[in-house]
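One structure is given here, and the rest of the page talks about it.
The values are calculated or read from the model by the stated rules, or taken from the named source; none is laboratory data. No experiment lies behind these values; they were computed from the predicted model shown. We place every Cβ from the backbone using ideal geometry, glycine too, and count neighbours over all the protein chains shown. Each accessible area value is taken on the protein alone, full model and side chains, heavy atoms only, with ligands, DNA and RNA left out. Shrake-Rupley method; radii C 1.70, N 1.55, O 1.52, S 1.80 Å.
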Amino acid sequence: MDYVSTRGEAPARRFSQILLEGLAPDGGLYVPGTFPQVKLPELRNKAYPELALAILSRFMDDVPGLEALVRATYTARVFGSGDVTPLRTLEPGLHLLGLSNGPTLAFKDIALQLLGGLFQQKLEAENLSLNILGATSGDTGSAAEYAMRGKPRIQVFMLSPHKRMSAFQRAQMFSLQDANVHNLAVEGTFDDCQDMVKAVNADAAFKARQRIGAVNSINWARVAAQVVYYFKGYFAATQNDSQQVSFAVPSGNFGNIYAGHVARRMGLPVRHLILASNENDVLHEFFRTGRYRVRRPVKETSSPSMDISKASNFERYVFELVGGDGARLRELWRQLERDGEFDLSAFSREVRASGFVSGKSTHADRLETIRKIYSSYNTIIDPHTADGVKVGLEHREPLVPLVCLETALPVKFAATIREALGREPQLPAELAGLEKLPQRFKVIPKDVAMLKRIIEAA
Ligand SMILES: *Cc1c(COP(=O)(O)O)cnc(C)c1O
């Protein structure tokens, strides 16, 4: 399988060559040259690891030992059950796909647990080491740290905004005692953290010398790993391969729902990909009007992992809309840099044909949806999942099963659950006492030179 850059000015690459990289050398994102096609009957009865292997081996066709890695990753020990992503039926035709049973209780574990193994194996084979530098507002950082902890060839430097994560998220990250995990609490906002990461990456000499890598959501391996559970959810919600299913996806950086789009392009009978935005509704506006407008500043909401000003994976989708024309895409992104927006309303037919629909959910909607799902089905959902359920139900159609992606467990966002229900969310038994463990982190000012010194000294 060859991967090509969305900007059309970088050489095609194999999977192993793009694994450790974020952007292509021309500033674009790598996408598969063609989407592999699958035969559903051959996949329907497979257990999660077999299904994952059947799909991932198409995208990661030059990874030695992929089977062993996949089998070691998607286990009941790591994900709580052999199903890995269990489907819970709330009522006939309405389901929750549980994606948050990994170590950090959010869907990002599904891809990052595999990525940890892929990185380690590649670094081992080439006798190299890697410094992973990232910024997090919560879920990405902990998922990355739990995936990379104890890996001898990897150091993780994770910037987070000091005192702005939830108590549970802080405890999850800062209680890690592994020597290769470096938690840096920045006196500033999440945007400040991201600016520091950008500044370090802009220093090409430092970046090369220190072997700075990333695990952000544009990494193709993460997208590929997420494709698997769309198939798993489809098979669990249907009896035969001629049925269509719609998926509701709480969205921020467009990584999760883009994986659903890839599944559809591979032949999965997806009717609608229902995109849910929160108050930061850049993507909903695009699917409603064809206009893509970056927002600054980002609004802080009670579904914080969807708080984005622009959606990094969106470029991959737009590349397809414009027929894979790299020059056209470069022009659009130049316009985005210059004006903060572009208009693709001329492509409304292509957008409709791609199966996307969208909606928006606010804090009040979140609370109401959490209450409604609790009182109707005795199930507590987290605020992000609630955004997806709210918008999903607006687009629900008779006879089309609706699968709502559960992207985090409610215990990660206890304050909003208390506000909605007046009670505490359940804490998984193995995490009792997490918030009382000693915490290990360093508070640093918003100072790029200091950050570089910390990386050099580690
Ligand atoms: C990251 C995240 C999202 C958004 O996913 P994208 O791939 O960025 O669209 C939604 N919900 C939760 C809980 C998350 O952690």
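Here are some notes:
- DSSP beta bridges confined to the chain are antiparallel in about 25 percent of cases.
- Accessible area per residue, Å², the chain with all protein chains present, probe 1.4 Å: 39
- Values of log10 I(q)/I(0), in the order q = 0.09, 0.12, 0.19, 0.23 Å⁻¹, for region 14-145 under a Debye, Cα-only, solvent-free model: -0.32, -0.58, -1.35, -1.53
- Listed residues Glu368, Glu300 arranged by accessible area, highest first, probe 1.4 Å: Glu300, Glu368
- For Glu42, the solvent-accessible surface computed with a 1.4 Å probe is close to 120 Å², ligands and nucleic acids excluded.
- Computed [θ] at 222 nm, deg cm²/dmol, the chain (DSSP H ≥ 4; -39,500 (n - 2.57); rounded to nearest 500): -12500 deg cm²/dmol
- Label-to-label distance for Ala364 and Val78 is 4.3 nm, based on points extended 7 Å past Cα in the beta-carbon direction.
- The share of accessible area on the chain that comes from carbon and sulfur is 49 percent, using a 1.4 angstrom probe.
- Between Ala202 and Asp241, the FRET efficiency estimated from the beta carbon spacing at R0 = 41 angstrom works out to 0.25.
- Which listed pairs, of Lys108/Lys390; Lys108/Lys198; Lys163/Lys372, have C-alpha distances above 28 Å, in listed order: Lys163/Lys372
- Taking every alpha-carbon pair under 8 Å whose residues sit at least 6 apart, the chain reaches a relative contact order of 19 percent.
- For Asp325, solvent-accessible area (1.4 Å; no DNA, RNA or ligand), Å²: 70
- Once the convex hull of all Cα atoms in the chain is built, its volume per residue stands at 136 Å³.
- Computed with a 1.4 Å probe over protein heavy atoms only, the accessible area of Arg296 comes to about 140 Å².
- Accessible heavy-atom area order of Met165, Met450, highest first, probe of 1.4 Å: Met450, Met165
- Under 17 Å from a label point set 7 Å out along the Cα-to-Cβ vector of Lys446, the amide N atoms of region 132-172 belong to 135-137, 159-165.
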